[in-house]
Amino acid sequence: MKLTAAYDKKVNTNAALKAETDNFKTKLNVNFINQQDDISKLMHEAFLRSQKDILVQQIFVSSSGGDDTTAAYAEISKALEDLKAGKNFEDVSVQYSNVPAIKEVKGNIGYITVFTLPYPIENIIYNLTPDNFSAIYNRKAGYPIFKNAI
């Protein structure tokens, strides 16, 4: 009924409304095309990552779920300093990680591939060159440093 009333009032011939409608359609098309392009890029990225598994190690200092993460950040910062000074990653992981399971395996997570970890962490790891480690990453549970061991 509203559509019929609008046609009766010849709203569809109003130049301003027609321009606004055309502008809206253009924006929708651009967003749709950009979204399709983004999906294509992500699919290509996932395909490339699926071709390569990476052996990952980590140092993880838990913030124990508390609001004050200052102590945890100070510990992981010391670990990063030791790594930059050339200390062995496994030794630093055992020394600074405060999660028993991580200490037990000397920080070795194992092999990961695409879709194994959350996307932001996956990006960090896949952007690391072999035998290099990441900067400190801030997670809700604590602070990890990752290493591409292969």
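List of remarks:
- Members of the stretch 74-124 that are over 12 Å from PHE146 (Cα atoms) and among the acidic types (Asp, Glu): GLU75, GLU81, ASP82, ASP91, GLU104
- If you go through the stretch 45-82 and pick out every residue that is closer than 20 Å to ASN138 by Cα, surrounded by fewer than 18 Cβ atoms within 10 Å (Cβ to Cβ) and not charged (D, E, K, R), you end up with 8.
- Residue match in the stretch 103-112 (condition: in a helix (DSSP H, G or I), open to solvent by less than 30 Å² (accessible area, probe 1.4 Å) and among the hydrophobic types (A, V, I, L, M, F, W, C)): no
The values are calculated or read from the model by the stated rules, or taken from the named source; none is laboratory data. These numbers come from a predicted model, not from an experiment. Heads up, the Cβs are rebuilt from the backbone with ideal geometry, glycines too, and the neighbour counts pull from every protein chain shown. Just the protein is used for accessible areas: all its heavy atoms, side chains included, with ligands, DNA and RNA removed. Shrake-Rupley method; radii C 1.70, N 1.55, O 1.52, S 1.80 Å.
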